[in-house]
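Structure first, then comments.
Readers should treat all values here as calculations from the given coordinates under stated rules, not as data from a laboratory. Just so we're clear, the structure is a prediction, and the values are computed from it rather than from any experiment. Backbone-built Cβ (ideal geometry, glycine too); neighbour counts: all protein chains shown.
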């Protein structure tokens with residue numbers, strides 16, 4: 001998939017931006033707060049129907065503006081052109097369209113424009129709670145497996161219903177509780193299977209990228225931990241009803257699953273330095289990209305937002321060498337350092353475009369076309 005151009009109105013600090021992109025590497029330089037990350041976030045939004053930065057959609061509307069609008073013009077790997085647009089007015093529901101046709105369900109769009117983003121916020125995968133690591137698994141799997149996303153939606157809806165009964169003033173209706181638990185157990189079995197298969201397939205790809213970037217000097221591992229490893233989901237839910245009633249929430253299920261990250265046989269959160277953590281995360285995201293590339297019909301977009309901080313020059317060169325190769329498609333890179341970007345572009349043999357971002361304005365500085 002290739003994003004040929006994007007039009008942005010009133011998105012965060014980007015009042016009116018129209019950019020035509022290179023089909024391979026696009027670099028954006030500028031000081032912090034100028035709009036580089038906002039531009040990448042707009043690209044992200046058109047893939048996932050939400051921001052990677054703000055949980056509240058209305059927070060993405062520029063101050064004092066009544067709405068924001070995004071429009072991306074894409075070309076599939078097979079040459080098919082399509083337009084994706086989104087508009088949100090304050091107080092209204094956002095509208096997502098593909099080639100002018102309004103989506104009835106936003107979930108129908110997920111996966112049609114595959115994308116992987118690497119950013120400083122990824123550190124929450126290590127430092128944050130288990131929900132961050134579950135979200136990582138869910139985002140990847142949902143991009144190539146529609147049934148997984150629908151199953152996850154059904155499970156979470158049933159989970160909310162069970163929690164509501166647990167928190168009610170009256171004792172939960174036993175028949176209703178049983179029905180909800182049967183729904184949860186059925187969906188949980190499928191979700192658990194998908195997650196296990198995903199981690200099993202991702203781990204060797206991740207190890208390969210990490211070995212290339214680190215020089216093979218560190219041992220890393222991924223593993224998947226779930227309550228379903230301890231027994232049948234339905235039996236676990238039934239057995240925990242009393243405790244859950246006292247707690248006021250459901251304590252067993254795939255909503256408590258964990259992706260375990262290790263460095264040298266120990267938890268990464270406890271063991272890794274800043275450089276080791278960054279190497280782990282970049283390797284994980286590049287593995288995610290390669291995994292999606294082989295699973296889906298389209299080459300994903302790759303967004304690298306200020307990722308080279310805390311990495312030594314050798315590891316930076318390895319990353320650039322990897323992503324500039326044939327295994328990666330269109331790439332978007334941000335950095336505050338012009339010299340850093342110039343050093344990166346010196347190693348790029350193919351086409352690229354370099355943009356300056358200042359106070360929400362994006363201007364082309366330099367480009368190299370196809371030979």
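Distances over 18 Å make up what percent of all Cα-Cα pairs in the stretch 63-111? Tail of the P(r) past 18 Å holds 38 percent of the pairs.
The calculated FRET efficiency for residue 101 paired with residue 197, based on their beta-carbon distance and R0 = 30 Å, is about 0.35. Subtracting the Cα-Cα distance of residue 59 and residue 347 from their residue separation scaled by 0.36 nm leaves 99.8 nm. Please compute the alpha carbon radius of gyration of the chain, then divide it by the globular-protein estimate 2.2 N^0.38 Å. Two decimals is fine. Relative to the rule-of-thumb radius for its length, the chain sits at 1.06. Hull volume per residue, based on the alpha-carbon atoms of the stretch 45-162 and their convex hull, is 145 Å³.
Based on alpha carbons, the Rg and Dmax found for the stretch 127-295 are 18.2, 60 Å. Which residue fluctuates the most in the chain, going by a Gaussian network model with Cα springs under 10 Å, if the choices are 222, 234, 247? The residue with the greatest mean-square fluctuation here is 247. On a 0 to 90° scale, report how tilted helix 146-167 is relative to the longest principal axis of the chain, with both axes built from alpha carbons and the result rounded to the nearest 10. With rounding to tens, the tilt is 50 degrees.
May I ask you to list the residues of the stretch 107-129 whose amide nitrogen lies under 19 Å from a point 7 Å from Cα along the Cα→beta-carbon direction of residue 266? Zone members listed by number: 126-128. For a modelled paramagnetic label at residue 76, 7 Å from Cα along Cα-to-Cβ, the residues of the stretch 103-124 in reach, with backbone nitrogen under 15 Å, are 109-114.
Among 215, 296, 72, the largest mean-square fluctuation in a Gaussian network model of the chain (Cα springs under 10 Å) belongs to 215. For the stretch 92-138, the extents of the C-alpha atoms along the principal axes are 40, 21, 18 Å, listed from largest to smallest. FRET efficiency for the residue 123 to residue 170 pair, using the beta carbon distance and R₀ = 51 Å, is estimated at 0.70.
Using only Cα coordinates, the Kirkwood hydrodynamic radius of the stretch 256-361 works out to 15.7 Å. Each semi-axis of the equivalent ellipsoid for the stretch 1-59 is √(5λ) with λ an eigenvalue of the Cα gyration tensor; in descending order they amount to 18, 15, 11 Å.
The stretch between residue 317 and residue 294, if pulled fully straight at 0.36 nm per residue, gains 5.8 nm over its current Cα-Cα span. Principal-axis analysis of the Cα atoms of the chain puts helix 174-214 at an angle of about 30° to the longest axis.
Springs between Cα atoms under 10 Å define the GNM used for the chain, and in it the highest mean-square fluctuation of 11, 44, 266 occurs at 266. Between the Cα long axis of helix 36-48 and the first principal axis of the chain there is an angle of about 50°, rounded to the nearest 10. Considering every alpha-carbon pair of the stretch 281-335, the percent of pairs per 10 Å bin, from zero through the bin containing the longest distance, is 22, 59, 18, 2.
Applying 1/(1 + (r/R0)^6) with r as the Cβ-Cβ distance of residue 83 and residue 245 and R0 = 56 angstrom yields a FRET efficiency of 0.65.
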